[in-house]
Structure formats: structure tokens, C-alpha cells
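Q: Quick one: the structure is below, questions incoming.
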Amino acid sequence: MKNKKALYYAVLPIAYFILSLICVSVTFVVLKISLDIYYRYNSQYGGALIDAINFFMLFKAQSGLDRNLNYVIIAICTFIVYYLFMRKTYVGLAKIVDATNQMAAGDLDKTIDIDCKGDTKILGDNINIISRLLKDVTVQERKAQQTKADLITNVSHDLRTPLTSIKGYLGLINEDNYRDEVQLRYYVDIAYEKSKELEVLINDLFELTKVQNNSIILDKMEINLVELLNQIIFQFGYQFESEKIKERSFFSEDKLIISADPNKLVRAFQNLINNGIKYGTGEFLDIYAYKKNEYAVVDVISYGNPIPSVELPYIFDRFYRVEKSRNKNDGGSGLGLAITKSIVTLHGGIITAQSDGEKTIFKVMLPLLQDKIKIKKSNVEKEL
């Protein structure tokens, strides 16, 4: 195929030149015969055309060119016609070369506009497509570099804070700089709590990296989402009581069957409930579960302390924390919502957030098990 294309491009200019020569030669012969006939029958009458023919014949006789002049005229006309045939192709190639030089210099917004057909037009369009793709890749690469830089900055900041406390209190212990055994125990407890914060951050970072790099394997099984939510809510009983928050659950279905990894899904909903407990200032936390089309939908609703609308698009980003919540210094890693979104996405689901002056709603949509939906529909049809 490549050899045929190469042969085609090698033969094409020759073919156009031969075509130009044939066109000019035929036209010249026809014109010469026509003028000879016209001269034969009209030479006695004179006229501008007869005078021009006489002048041309005299010029040939005096210059000594005679027959060679015909060849010169044919050659000149052939090159003119050949140029007209190939003009659009050569102009198109010139535009491509000029545009690619600008692209190579970094101007990826440059596009090639070619007024011709055939392979030259295809070449120009393909270069435009490659340029757009390269621009997109460049933009994504810059974003990735910026994200990487932000990640390093945030990790350094979040690791340094507990590490500084640990080093400080262990330094006091190492120097025996404490009053009594009670103060020693106090210093050890603080260092221990800070080390747990450090462990949470590191574990969350590793988990998020594995999830986002698709290196995590989901151990999917058929589970009842309603039952799973009840178990999670029960586990939070002590935390609800200590934070003086009343949990209210509203499940419209007894069973919402999905195919999921229960351990990963538990982590996702734990993050959402934890988020509601930490940052909600109301006395209630509501959890809704219901069916919508072919999805099982879970709403986790907290009240008070809304998320500003300008910050909503970024709350699922790594290390992003609304400034109010960062000031609470609760020791969170800033990765919980990012991990939750990654887990939901891995399950083929969707997670969104909305917030107003009264409440904040995190909505998780997970696809229902299709086989169960079909069986349920068939059972209904049989009953009808």
C-alpha cells in the first residue's frame, strides 16, 4: 500500500505535465490550422488579425527561429498550464509548511485552511486534528504538573503539622523536660494521637492513589444496599450520641440490590456520614435511600454550615477542604471525599453535592443489578 502511494505521488506531477503538454499542443495545432484557413481566405481583405499574422510570419523569417519558435511557444504555454493545474496543491503545501513551522515554534492555536481537494486537503485537516490533540495533551500535562505540585505542597503541609507536634513532645520527653508522671503521660498521649493522624493521612493517600490509578481490584458481590446502610448507621451510634446528633433514616424500599465491593462501599458512606457529623451544625443528619429509574440513590443530608457555591465544584478534589472546616483543625486528611468519589466512580456510579443556607446534600447513585430488575419486571407481568 505504501509503495503504491509513493508511486502515485511520483507519477502525478509527470501525468499533469504530460496532460498540460497535450492540451497546449492540441490547442496550438487547432489554432494554427484555424488561423491558416482564415489567412488563406481573408488575406486579400486585410484587417487587424491578418496584420498580426503577417507580422508573426515576418518575425519568424527575420529571426531565423522559424519552426523552433513554435516549440518555444508550446513549452512556455505548457509550463503556464501545468502551474495552473498544480497551483492549489503547491499553495496548499506552502501553507502547510508555514503553519507547521509556527506550530513547531509553540503556536498550537494555528490552523491550516487549504482551498483544495485530495490528499493535500486531507493532510492539512489531519495536521489540524493532531495540533488540537497535542494542545489538549499539553493543557492536560500542565494541569497534571500543577496538580502534582499542589499535591506535594499539601502533603508536605499536612505531614509536617502532626510530625512537628510528635517531634516536639518526644523531644521534651527525651530531655526529661516534664514535671511528673502525669505530664509525661499527657505528652505521650498527644504524640500518640498525632501519630494516628499521620497514619490516617498516609493510608488515605495510598488508597486514593490506588483507586485513581485503577490498581485496586473490587471484590464485587450481590448486596442489599438498604441492609448495608443500616449496618453503617448502627456503627455510628456512639458517635451520633457523643456529638448530640439525631440520625433519621428514610428508606422507600426494603431491598435495593446492587453489585458492589461492600468493604469499599462502606468506606465511601462512612466518609460521607463522617463529613456530615464534622461539618454540620444542625441537630439532625438524614439518610435517604430510594430507587430512581435503574439506580439506587442515597442522600446524606446535614444541616447548617453550608458549603459556599464557589467551592462546591472543588470539594471532591484531593486535599481540598472548605476554609471553615480547615479552621476546625479536626485532623482530617482532606482526602475523604476524593476517595468516596473514586470508589463510587469505580462502581459505575455518580456522586454530586449541593448546598444552600439550610442543608448540604451528598447524592450517590449506584446502578441496580440489572438481572434483579428484569426478574422483578417479569414477576409483575405474570401477576398482571
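Readers should treat all values here as calculations from the given coordinates under stated rules, not as data from a laboratory. The structure presented is a predicted model; accordingly, all values stated were derived computationally and were not measured. Counting neighbours? That spans all protein chains shown, and the Cβs are built from the backbone with ideal geometry, glycine included.
Q: Using the Cα atoms of the range 155-262 to build a convex hull, what is its mean projected area in square nanometres?
A: 10.9 nm²
Q: Any of LYS143/LYS194; LYS88/LYS135; LYS264/LYS291; LYS135/LYS341; LYS264/LYS363 with alpha carbons more than 23 Å apart? Name them for me.
A: LYS143/LYS194; LYS88/LYS135; LYS135/LYS341, as the Cα separations exceed 23 Å there.
Q: What does the highest-first list of 182-193, 131-142, 354-365 look like by mean Cβ count within 10 Å?
A: Put in order of decreasing packing, that is 354-365, 182-193, 131-142.
Q: Let me ask another. Could you order peptides 270-277, 89-96 by the average number of other Cβ atoms within 10 Å of their residues, highest first?
A: Order by mean packing, descending: 270-277, 89-96.
Q: Can you work out the Karplus-derived ³J(HN,Hα) for every residue in the range 221-236? Use 6.51 cos²θ - 1.76 cosθ + 1.60 with θ = phi - 60°, whole Hz, and x for glycine or proline.
A: My calculation for the range 221-236 gives 8, 7, 10, 8, 4, 4, 5, 4, 5, 4, 5, 5, 4, 4, 5, 8 Hz in order.
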